[in-house]
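First comes the structure, then the notes that go with it.
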Amino acid sequence: MADIWSDVTAQISQVTGQAFRGKQTRSVGGGCINQAYGLSDGQMTFFVKLNQASKLAMFEAELAGLQEIHSSQTIRVPLPVCTGLSGANSYIVMEWLDFGGRGHAWAAMGRDLAAMHRTSSDLGFGWHRANTIGETHQPNDWQESWYAFWRDQRLGYQFRLAKRRGGSFPQQQALMDALPELLSEHDPMPSLVHGDLWSGNASITTVGEPVIFDPATYYGDREVDLAMTELFGSFPTDFYSAYEAAYPLSEGYATRKILYNLYHILNHFNLFGGGYESQANRMIQQLLVKVR
Ligand code: ADP
């Protein structure tokens with residue numbers, strides 16, 4: 001490990017232009033995928049995630065996602081610093097933030113997320129690079145139509161992986177055939193989205209700033225973020241009322257929420273197997289009831 005920290009501190013010094021001789025201060029729990037650490041010299045502190053060298057592209061995509069959201073000047077993310085390789089490891093470095101704040105920041109989170117969702121792309125739905133969702137590859141090839149994007153780059157891709165994993169989704173074709181109807185009369189603009197906005201990827205700093213982190217960024221229907229906030233537990237109600245006041249949701253969201261969260265449940269089946277297969281089948285059933 002010692003070599004890693006000297007490589008990381010040398011690169012931080014190079015990128016920030018300030019001599020940094022930080023030491024690993026603490027190991028941070030709570031992440032799903034990577035080992036996470038704080039690195040500090042008593043003045044500056046950075047948050048560092050480590051993984052195998054083969055995961056460098058994952059960290060590069062995360063860094064690019066943080067940069068994209070930071071550039072929108074709408075919602076706070078940890079400032080990205082650098083990524084790199086050290087021996088058998090890859091790493092990402094970003095600003096350290098002290099989480100654990102309370103108060104009225106969830107309303108601000110809703111307003112800030114709505115502002116981020118007003119950031120659009122002329123290129124349509126997608127992003128300039130692939131990234132990952134969990135540890136699964138997430139393609140983001142640009143599409144003009146949201147329906148085509150959701151069909152090919154999201155559900156279709158995960159269904160293919162799930163088939164290879166031995167998953168059985170008897171109503172898959174019926175769902176794919178119903179997609180035009182499920183998304184008809186819905187013509188969202190391409191919004192900058194976080195892409196993986198479950199409650200573990202949003203927090204409040206001790207000075208009361210709402211922050212989102214660990215993104216799987218692309219330009220898509222903003223409702224994907226709202227839907228995911230309700231998938232594994234919900235955000236506080238202040239968040240939803242402030243979001244809705246700033247940027248009201250369109251009719252039919254309740255059904256699309258199931259369609260958008262199906263993507264994450266399929267991904268969970270691909271990552272973890274088990275009961276996610278039957279959960280996905282129940283969601284498909286719920287969606288098909290809506291079109292019959
Ligand atoms: P993983 O990619 O492994 O899922 P996360 O990016 O979610 O890891 O980070 C793991 C945990 O570290 C988070 O739950 C959060 O508590 C903490 N954390 C994330 N980003 C920062 C940061 N910039 N500064 C301090 N702590 C952070």
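The values are calculated or read from the model by the stated rules, or taken from the named source; none is laboratory data. The model shown is predicted, which means the values in this text are computed figures rather than measured ones. Note: ideal-geometry Cβ built from the backbone for every residue, glycine included; neighbour counts use all protein chains shown. Protein only, heavy atoms only, side chains kept; ligands, DNA and RNA dropped before computing areas. Shrake-Rupley method; radii C 1.70, N 1.55, O 1.52, S 1.80 Å.
Summary of computed values
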read-out: Residue within region 240-249 that is in a loop (DSSP other than H, G, I, E, B) and in contact (Cβ under 8 Å) with a residue 12 or more places away in the chain present; value: yes
read-out: Where a residue in region 188-210 is at positive phi and its partner, wherever it lies, is open to solvent by 30 Å² or more (accessible area, probe 1.4 Å) and more than 11 Å from the ligand (Cβ to nearest atom), with Cβ under 6 Å and at least six apart; value: G208/G103
read-out: Looking only at region 205-230, and only at residues there that are within 12 Å of the ligand (Cβ to nearest atom) and open to solvent by less than 30 Å² (accessible area, probe 1.4 Å), the one that is farthest from P248 (Cα to Cα); value: T205
read-out: G38 in the same structural domain as S86 (by TED's automatic domain parsing), within 10 Å of the ligand (Cβ to nearest atom), open to solvent by 40 Å² or more (accessible area, probe 1.4 Å) and small (G, A, S); value: no
read-out: Among (1) more than 13 Å from the ligand (Cβ to nearest atom); (2) in contact (Cβ under 8 Å) with a residue 60 or more places away in the chain - the single one L56 does not satisfy; value: (2)
read-out: Looking only at region 131-144, and only at residues there that are out of contact with any Gly (no Cβ under 8 Å at 6 or more places or on another chain) and not in a loop (DSSP other than H, G, I, E, B), the one that is least open to solvent (accessible area, probe 1.4 Å); value: T136
read-out: Unique residue being without any contact (Cβ under 8 Å) to a residue 12 or more places away in the chain and in contact with a strand residue (DSSP E or B) (Cβ under 7 Å, 6 or more places away or on another chain) when the list is S40, S90, S27; value: S27
read-out: Top-ranked residue in region 68-84 [being within 14 Å of the ligand (Cβ to nearest atom) and without any contact (Cβ under 8 Å) to a residue 24 or more places away in the chain; ranked as most open to solvent (accessible area, probe 1.4 Å)]; value: H70
read-out: Criterion (within 15 Å of the ligand (Cβ to nearest atom), of a type outside the set (S, T, Y) and surrounded by fewer than 19 Cβ atoms within 10 Å (Cβ to Cβ)) met by exactly one of G87, G100; value: G100
read-out: Sole exception among (1) within 19 Å of the chain's Cα centre (by Cα); (2) not assigned by TED's automatic domain parsing to the domain that holds I204 for N89, by number; value: (1)
read-out: Every residue from region 146-204 that is within 16 Å of the ligand (Cβ to nearest atom) and in contact with a helix residue (DSSP H, G or I) (Cβ under 8 Å, 6 or more places away or on another chain); value: H194, G195, D196, L197, W198, S199, A202, I204
read-out: Count - residues of region 22-45 that are modelled with pLDDT under 90 and among the charged types (D, E, K, R); value: 2
read-out: Test: H128 is assigned by TED's automatic domain parsing to the domain that holds R222, under 23 Å from K49 (Cβ atoms) and either at pLDDT 95 or above or open to solvent by 30 Å² or more (accessible area, probe 1.4 Å) (or both); value: yes
read-out: Evaluation of Q67 against (1) in contact with a helix residue (DSSP H, G or I) (Cβ under 9 Å, 6 or more places away or on another chain); (2) within 16 Å of Y219 (Cβ to Cβ); (3) not assigned by TED's automatic domain parsing to the domain that holds P210 (one fails), failing number; value: (1)
